1. Could you work out how far helix A:146-160 tilts from the main Cα principal axis of chain A, as a 0 to 90 degree angle to the nearest 10?
2. Compute the accessible area per residue over segment B:7-189, keeping the other protein chains in place, probe 1.4 Å, unit Å².
3. Normalised by the number of residues in chain A, what is the relative contact order in percent for Cα pairs under 8 Å and 6+ residues apart?
4. Under the rule a/c < 1.5 gives rounded, and otherwise a/b versus b/c splits prolate from oblate, where does segment A:106-205 land using the Cα gyration tensor?
5. Could you pull out every residue, at least 5 positions away or on a different chain, whose amide H is within less than 5 Å of the one on A:S2? Hs are placed 1.01 Å off N in the peptide plane, and Pro or chain starts have none.
6. Going by the alpha-carbon gyration tensor, a ≥ b ≥ c the square roots of its eigenvalues, is segment B:7-189 rounded (a/c under 1.5) or, if a/c is not under 1.5, prolate (a/b greater than b/c) versus oblate?
7. When the accessible area of the protein assembly as shown is computed with all protein chains present and a 1.4 Å probe, what percentage of it is carbon and sulfur?
8. Could you work out the mean count of beta carbons from other protein chains within 10 Å of each residue's beta carbon in A:93-102?
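The values are calculated or read from the model by the stated rules, or taken from the named source; none is laboratory data. Bear in mind the structure is a predicted one, so any value in this text is a computation, not a measurement. Virtual Cβ from ideal backbone geometry, glycine too; neighbours counted across all protein chains shown. Side chains are part of the model used for accessible areas, which takes the heavy atoms of the whole protein and leaves out ligands, DNA and RNA. Shrake-Rupley method; radii C 1.70, N 1.55, O 1.52, S 1.80 Å.
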Amino acid sequence: MSTLEIKDLSVSVNDKPILSNLSLTVNSGEIHALMGPNGNGKSTLLSTIMGDPDYTVTHGSIMLDGKDVLSMSVDQRSKAGIFLAMQYPIEIPGVTNSDFLKEAINARRESPIRLFEFYRLMEGAIHDLKMKPDLAHRFLNQGFSGGEKKRNEIVQMKLLKPSIAMLDETDSGLDVDALKLVADAILDLHQTAPMGMLVVSHYKRFYDYLHPSHVHVLINGSIILSGEKDLIERIDSEGYDWIYRQYGIDPSNNGKTSSGLLGTCATKGAFNGNL
Amino acid sequence: MAICNPIVISGENHLNVVEPLVYWQLNGNTNLDVMVQPNSQVTLVLDLNACRSVQFHAMVQPDSILDVALVSMKDQSIDQHYRITLQNGATTNIRSCFLGNAKKTMKMEIIHHGLSTVSTMEHYGLINTANDFKIEAIGTIEKEADNTQCRQALRALTFSDHDHVTMVPSLYIDNYNCSASHSTSIGAMSPKQLYYLQSRGLTMESITLLLAKGYITPVLELIPEEELKTQLREEIEKVVIDACLTKLQ
Ligand SMILES: Nc1ncnc2c1ncn2[C@@H]1O[C@H](COP(=O)(O)OP(=O)(O)OP(=O)(O)O)[C@@H](O)[C@H]1O
Ligand SMILES: [Mg+2]
């Protein structure tokens with residue numbers, strides 16, 4: 001049982017504020033859907049939790065089971081159970097996928113995994129995600145197609161078995177069959193070892209497979225609205241305009257003025273059942 | 001176990017190599033003239049750590065194979081000239097790995113003299129100082145050398161923007177019934193790449209080793225003796241961690 005607790009988090013990139021006073025709690029077994037228009041801070045939130053050095057926390061806290069995540073290095077966060085399937089997985093020439101996966105597994109073990117056991121696990125994961133077997137021996141993500149990169153993120157997730165899993169648009173770039181395959185792999189993992197999940201996607205289709213327990217809308221760096229699955233349906237059919245109108249948000253305002261204030265009021269509104 | 005201790009070589013030498021595996025440590029300034037017998041297969045492992053300059057000439061006689069693994073990890077400058085001549089049906093595979101932590105220069109020429117000759121050259125540099133590091137790889141295919149294959153690959157990994165490296169592959173072809181290729185790549189770890197690897201739990205130390213492995217393994221693979229391979233791997237990995245770790249941080 002794990003709990004990730006984000007409190008009053010404000011984050012800047014190059015001194016430009018992106019997130020303001022954002023609070024969110026994710027428990028094992030819960031799947032939180034995080035939606036919002038482009039460029040409003042979803043990836044920023046996930047990257048900040050993972051520890052991407054581009055993002056500076058200016059206020060607030062992130063705790064995992066009572067431990068201060070912000071004081072941990074990136075590799076410590078990973079070993080503590082946090083995983084981020086990235087929106088744009090990075091290519092690492094010179095390092096083979098299988099060597100990398102083996103190191104990643106060994107990083108969280110006392111004694112190194114036996115080769116036989118490792119190959120069984122890796123080949124199993126690659127098979128489940130219907131990836132070409134040669135991808136194991138190619139350089140990490142180098143020359144992988146968009147969809148292959150996304151599947152490879154899930155291969156890593158399967159092998160690392162996180163307690164808090166974050167998926168940043170893992171569904172974009174996947175063909176329809178792959179989308180189901182990836183969703184099944186995630187659900188399978190979630191059933192055997194329930195994770196707390198924070199899933200960013202723009203599309204209802206992916207959420208239809210995953211059945212999120214919570215849904216949040218992030219605009220101008222704040223969660224302005226939280227609810228359940230019907231929120232996804234409404235965004236899917238109507239877009240975000242009604243939210244802008246309802247909360248008096250000017251979408252051309254890039255969060256520079258009064259977004260913090262807006263966010264706080266609106267969140268309160270949402271919690272009061274003003275939907 | 002005996003094989004794991006190198007034979008120390010220095011000064012002027014003319015050697016006929018007959019054993020299948022030779023492990024030499026070159027000392028100071030060394031001149032080496034090596035003859036590989038016809039129809040034989042020889043692997044030379046050259047430890048250059050204590051070597052300041054080397055002039056190496058090898059004649060690979062008909063239908064024989066010469067594999068050479070070169071290792072230079074110490075922070076001592078070295079100047080190297082190699083010339084390997086291939087007679088009819090001869091093959092040579094040369095792989096080197098360098099830690100670029102001092103002025104290191106190498107000029108390596110492979111001369112395809114006979115018919116049906118094959119050469120592969122792969123040089124790997126892990127560059128961690130701003131010192132001079134220069135590799136010149138030359139493939140010469142002479143007029144008589146029909147049906148030749150000549151392949152060169154030069155790779156270097158730098159750890160900071162201040163590291164300098166020069167790698168020049170060249171091919172001189174007088175007989176076009178051949179297949180020849182060369183490739184050069186110089187890469188550096190970007191902060192994004194480090195972040196990605198760290199986000200999977202890897203520490204700076206394991207990242208350094210993982211990267212270095214891609215540069216060391218191909219060289220060790222030439223060595224047909226497991227014990228020597230393991231010994232060299234351990235020696236090299238230790239040096240690499242000590243030398244590169246601080247650069248990555
Ligand atoms: N490393 C960075 N350097 C500069 N600006 C950044 C950086 N990361 C994010 N930003 C800016 O912060 C804002 C939020 O970006 P973010 O990537 O979090 O959006 P997002 O909600 O994930 O959008 P999308 O749905 O398009 O993925 C954007 O204006 C973006 O340009
Ligand atoms: Mg994003």
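1. Roughly 80 degrees, rounded to the nearest 10.
2. On the way: 7400 Å² over 183 residues.
I get 40 Å² per residue for segment B:7-189.
3. Across chain A, relative contact order equals 25 percent.
4. On the way: a/c = 1.89, a/b = 1.24, b/c = 1.53.
Because a/c hits 1.5 or more and a/b fails to exceed b/c, segment A:106-205 counts as oblate.
5. Amide H to amide H, under 5 Å and 5 or more residues apart or across chains, A:S2 pairs with A:S28.
6. It comes out oblate by the Cα gyration axes.
7. On the way: 11070 of 22330 Å².
Roughly 50 percent of what the probe reaches on the protein assembly as shown is carbon or sulfur.
8. Details: counts 7, 13, 8, 4, 0, 0, 6, 7, 1, 1.
Other-chain Cβ atoms within 10 Å of each residue's Cβ, averaged: 5.
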